[in-house]
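Visitor: Have a look at this one.
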Amino acid sequence: MRRAVCPGSFDPITNGHLDIISRASRLYDEVYVAVMINKSKKGLFEIDERIGLIREVTAEYGNVVVESFHGLLVDYCKERDIPAIVKGLRAVSDFDYELQMAQMNNGLSGVETLFVPTNPTYSFLSSSLVKEVATWGGDVSHLVPPAVLTALDERLRAD
Ligand code: PNS
């Protein structure tokens, strides 16, 4: 069984994340989406809400498991016998930090990181920008799945 993990904060999941997860799901038998918990970062969505949205929008792939994890990504991988991390690279600016993390993770446990070039349609896309644009009433309907758009509308209208 070939397994890989797509880790992230997913606050919320965007079409850019989904593109990487769907491509990973075609390359691996089982893809784990790990919502990594960072207690020092208060998100717009609670961890359980992020998980619910990711489950909803990845259900059609049939081989995606969505979980949260508090701790090091390498420990998550070790516990589940996952040898590979799949990450999207949007631009050269992502590369420095992603390379550092990949080398650190490999040094800690031998886990490999595979970089997938992001679909150019999403090369500028991030959860933070989606939240900022949506907060000020901008249209993000082409950047997130419909379920996420609804959740954003509800959350931002409530605030
Ligand atoms: O979506 P993000 O916030 O860019 O994802 C970053 C994430 C969660 C993948 C990264 O911060 C991470 O792996 N955190 C888990 C803690 C950890 O293992 N840190 C050491 C990385 S070398």
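Visitor: Do we have any residue at all in the range 91-98 that's more than 16 Å from the chain's Cα centre (by Cα) and at positive phi?
Guide: The answer is no; no qualifying residue exists.
Visitor: Which residue out of D153, D159 is at pLDDT below 95, surrounded by fewer than 16 Cβ atoms within 10 Å (Cβ to Cβ) and farther than 18 Å from L73 by Cα?
Guide: On the way: D153 fails: at pLDDT below 95.
When all the criteria are applied, what remains is D159.
The values are calculated or read from the model by the stated rules, or taken from the named source; none is laboratory data. Predicted model only: the values in this text are computed from it and were never measured. In this analysis, Cβ positions are derived from the backbone assuming ideal geometry, glycine residues included, and neighbour counts consider all displayed protein chains.
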